[in-house]
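A short write-up of the structure that comes next.
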Amino acid sequence: MSAPLLSVYDLYAGYQDFDILKGIDLEVHPGEIVCVIGPNGAGKSTVFKAIYGFVKVRQGAVRFDGQEITNARPRDVLNAGISIVPQLRSVFPQMTVMENLEMGMYLEKNQTRVRRRIQYILDLFPRLGERRAQMAGTMSGGEQRMLEIGRALMLEPKMVMMDEPSAGLAPLIIRTIFENIQRLNREIGLTVLMIEQNARQGLEASHRGYVLELGRNAYEGPARALLDNRDVRRAFLGGQ
Amino acid sequence: MDQFLQALVSGLLLGGFYAVMALGLSVIWGVMGVINLAHGEFLMIGAYMAWGLFRFFGLDPFASLLLILPLMFLVGYLLQIILINRIVERPYLMALLVTFGVSIALANTFKILFTSDPRNVPVVYNGSMQLVGITFPIVKTIIFFVALLSMICLQIFLQRSRLGKSIRATAQNKNAARIVGVDINRVYAITAGLCIALTAAAGAMISPTQAIFPFMGPPFTLKAFTITALGGLGRIPGALLGGIILGITEILVSTYVQGIGTNLGIVTSFALLVLILVLRPQGLLGGLRPLDAEAE
C-alpha cells in the first residue's frame, strides 16, 4: 500500500485538563474511504476537531501529505488540503447555492478559477445545478448536505473529513449521501475520512474502519472484516 | 390635506436619515451579535468632528465626510480589535456592559473637552425651498439623498464584493465561515469600522440641523434600536423601511398632537418599540430572530 496521506500518531487531546483522546492511532491512504465508529463519548468528534485545530493536541502528532499539522490553525489545515463537512448544518442559509460554492473557494482570489470550479462541482452534482439560484436555507436537509460536500470540494482538497454525514437525515436520504460519497471516490478518487454514529451503513460505504472506545483504538481493519467481526457486531453494530 | 402631504414628505426625509443613522447598530448586531449601546456616542463624535472642521477650518459638513469616514473607520477597526473582539464570543450581558461603559466614557470625555455648551454648525444654505406647494428643507433633502446613496453603495458592497460576501457569510453561520477560511476577527473589525464610520457620518450630516452636545447620543441609540426592531438585523432595505416608518410616525404625531413638547420624538419611538415587542417580538419583518446556533 502507498504511503499514508494522513497519519495520526499517539494522539492525546481534549478540553481544559481532561483528555478525551488517550493515544489514538489512525491512517488514511490516498483514494480510501475510512470510517471511524464507536459509542457516544468514545472521542469520535474530538478526533475530528483535533485534526482540524478546533481542540488542542497535548501529545502525539498529526501528519498530512508529508507536512506536520499538529495544532495548526483551521485555515492552515485547509491550505494543506483537508476540507471539512461538519456535523451541524453549515450552509449559509441566506445565500444562493452558487454563492455557497463560491464561499467554499474563499481562499482563492482568481475569480476565473472559482467560476470554472463551480461549474465542475455543478456538473458533479446535477441536483445542485438545477437549484443554483435557490437560497440554501430553503433546500431539504439532504440537498443541504450535498451542497456542504460540494462546497468542501471547491478547493480541490486532497482529503475531505466528514463528521457524521448521515446526522439528522431520513434513512432514504442517508443512503443517497453514502452512495454519492462512494461515487465521488470512484469517479474522482476522492479520499474521505468520516466519523459515523450510523456504524453499519458507514462501514458498508467504506474501505477500512476504526472502532474507538473510551478514547482509545479498540478495533481496526477492512470495513468488511469489522462488519463480520462478532465482537464488533455485538458491541457496536447492535447486531447478533 | 396639504398639511398631511407635508407631514408625509417631512417624515420621508427624516426617515432616510434615520435609516442611515440606524444601520451601524443593526449591522454590528446582525454580524457579531453585539448590541452597541455606545452607538449614539459615535454619532455625537461625528457631529463634533463636523463642528470642529467647520468652526476652525471653514469646511462644509458634507465635505468633511471625506475626512470623517476614513478616520472613524480606523477608530471602529481598532476599537474592535482592542476591545470588542475579546467579548464577542461571551454571553450577551458582557457586550452590553462593555459598550455601555464605552458610551459613558465617551460622553463624559467630550464633556470635559468641550463642556456641555451646545454647539451649532450654521451653514448658509440652511433654508428651505418650495416645490408644488410643499416645503423642502435644503439640508434635510441633501441628507436624504446622501443617505440613500450610501445605503445603495453599502448594499452593492455586501452583495457583490468578496469582502462583503465574507461579512454576510459570517453573519449567517460563523462556524461555516471559519471552516472555509474566513478570518472572523478581521471581518468583525472591518464591519465595526464600516458601521462606526457610517454612524459618525450620520452625526456629521445632521450637525447643521440640531444642537451638538456631549449627551446627544442616547436618544439616537434608542431610535436605532426601534428601527432595527422594525426592519430586522443587518438588513439595509429593512432599515430603510424602519427608518421611514419611524420618521413618518414622529412627524405625523407632532403635526396633529399639539402641545406635548420637544421630547415627542423619543416618546413616539419608545411607544413604537414597546408596541412591536408586544405584538411581534421577532421584528416586523421577522428579522430579529437569534443568530444561527453556534456549533461547538
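Bear in mind these aren't lab numbers, they're just calculated from the coordinates by the rules spelled out. Keep in mind that this is a model prediction, so the values were computed, not measured. Cβ: placed from backbone, ideal geometry, glycine included. Neighbour counts: every protein chain shown.
Take the Cα radius of gyration of the range B:206-261 and divide it by 2.2 N^0.38 Å, with N its residue count; two decimals is plenty.
Cα Rg divided by the expected 2.2 N^0.38 Å: 1.29.
For B:I236, what is the net charge nearby, where nearby means another residue's Cβ is under 14 Å from its Cβ and Lys, Arg count +1, Asp, Glu -1?
+3
Please turn the phi angles of the range B:131-141 into ³J(HN,Hα) values with the Karplus equation 6.51 cos²θ - 1.76 cosθ + 1.60 (θ = phi - 60°), one per residue in order, whole Hz, x for glycine and proline.
Once rounded to whole Hz, the list reads 9, 6, x, 10, 8, 10, x, 5, 4, 5, 5.
List the relative contact order of chain B as a percent without decimals, with contacts defined as Cα pairs under 8 Å and 6+ residues apart.
Worked out over chain B, it gives 38 percent.
Any lysines with Cα under 18 Å of the A:K56 Cα? List them, leaving off those in the same chain fewer than 8 positions away.
A:K22, A:K44
So who's got an amide H within less than 5 Å of the one on A:M162, skipping anything under 5 residues away but keeping other chains? H placed 1.01 Å off N, in plane.
Answer set, sorted by chain and number: A:V85, A:L193, A:M194, A:I195.
Using the Cα atoms as the points, what is the convex hull volume per residue of chain B in Å³?
Cα convex hull per residue, to the nearest whole number: 135 Å³.
Only bridges with both residues in chain A count here: give the DSSP antiparallel percent, nearest 5.
Within chain A, antiparallel bridges account for around 60 percent of the total.
Taking amide H positions as placed 1.01 Å from N in the peptide plane, with prolines and chain starts having none, which residues 5 or more places from A:V57, or on another chain, fall under 5 Å of its amide H?
A:N71
Taking only the C-alpha atoms, wrap a convex hull around the range B:58-182 and report its volume per residue in Å³ as a whole number.
Spread over its residues, the Cα hull of the range B:58-182 gives 191 Å³ apiece.
Computed over the Cα atoms of the range B:179-275, what is the convex hull's projected area averaged over all directions, in nm²?
The Cα convex hull of the range B:179-275, projected and averaged over all directions, gives 8.3 nm².
Could you let me know the centre-to-centre spacing of the range B:160-214 and the range A:13-89, using Cα atoms, in angstrom?
Each part's Cα centre sits 34 Å from the other's.
Which loop-located trypsin sites (Lys or Arg not before Pro) does the range A:41-127 contain, where loop means any DSSP state but H, G, I, E or B and the Cβ has at most 15 other Cβ atoms within 10 Å?
A:K56, A:K109
Considering the Cα positions of the range A:107-216, please state its Rg to one decimal place and its Dmax as a whole number of Å.
Answer for the range A:107-216, Rg first and Dmax second: 14.9, 48 Å.
Among A:R73, A:R151, which comes first, second and so on when ranked by fewest other beta-carbon atoms within 10 Å?
By the 10 Å Cβ count, ascending, the order reads A:R73, A:R151.
So who's got an amide H within less than 5 Å of the one on A:N217, skipping anything under 5 residues away but keeping other chains? H placed 1.01 Å off N, in plane.
Placed amide hydrogens put A:D25 under 5 Å from A:N217.
How large is ³J(HN,Hα) for each residue in the range A:100-114, as worked out from phi by the Karplus curve 6.51 cos²θ - 1.76 cosθ + 1.60 (θ = phi - 60°), to whole Hz, x for Gly and Pro?
4, 5, 4, 5, x, 10, 4, 6, 8, 8, 6, 5, 5, 5, 4
Taking the number of other C-beta atoms within 10 Å as the exposure measure, put B:T199, B:T170 in order starting with the fewest.
By the 10 Å Cβ count, ascending, the order reads B:T170, B:T199.
So what are the radius of gyration and Dmax for the Cα set of the range B:17-124, in Å?
15.1, 49
Any idea what diffusion coefficient chain A gets from Stokes-Einstein, in µm²/s, Kirkwood Rh on alpha carbon pairs, 37 °C, 0.692 mPa s?
Stokes-Einstein gives a translational diffusion coefficient of 180 µm²/s.
Over chain A, calculate the relative contact order: mean separation of alpha carbon pairs under 8 Å at least 6 apart, over the residue count, as a percent.
Reported relative contact order: 26 percent.
On a C-alpha basis, how far is the centre of the range A:106-130 from the centre of the range B:110-154 in Å? Whole number, if you could?
Here the two parts' Cα centres lie 47 Å apart.
Taking θ = phi - 60°, what integer Hz values does the Karplus form 6.51 cos²θ - 1.76 cosθ + 1.60 yield along the range B:24-31, in sequence order, with x for Gly and Pro?
Along the range B:24-31, the couplings run x, 5, 5, 6, 4, 4, x, 7 Hz.
Just the number, please: percent antiparallel of the DSSP beta bridges in the protein assembly as shown, rounded to the nearest 5.
Percentage antiparallel, nearest 5: 65.
Along the principal axes of its C-alpha atoms, what lengths does the protein assembly as shown span, in descending order and rounded to whole Å?
Projected onto the principal axes, the Cα atoms of the protein assembly as shown cover 88, 47, 45 Å.
Under a GNM of chain A (C-alpha, springs under 10 Å), which listed residue has the highest mean-square fluctuation: A:E148, A:E179, A:E164?
A:E179
Once every DSSP H run of n ≥ 4 in the protein assembly as shown is given -39500 (n - 2.57) and the sum is divided by its residues, what mean residue ellipticity at 222 nm do you get, rounded to the nearest 500 deg cm²/dmol?
It comes out at -18000 deg cm²/dmol, rounded to the nearest 500.
Top mean-square fluctuation among B:F157, B:F56, B:F215, Gaussian network model of chain B, C-alpha springs under 10 Å?
B:F56
Which one of B:F145, B:F225, B:F42 has the biggest mean-square fluctuation once chain B is modelled by GNM with Cα springs under 10 Å?
Comparing B:F145, B:F225, B:F42 in the GNM, the peak value goes to B:F145.
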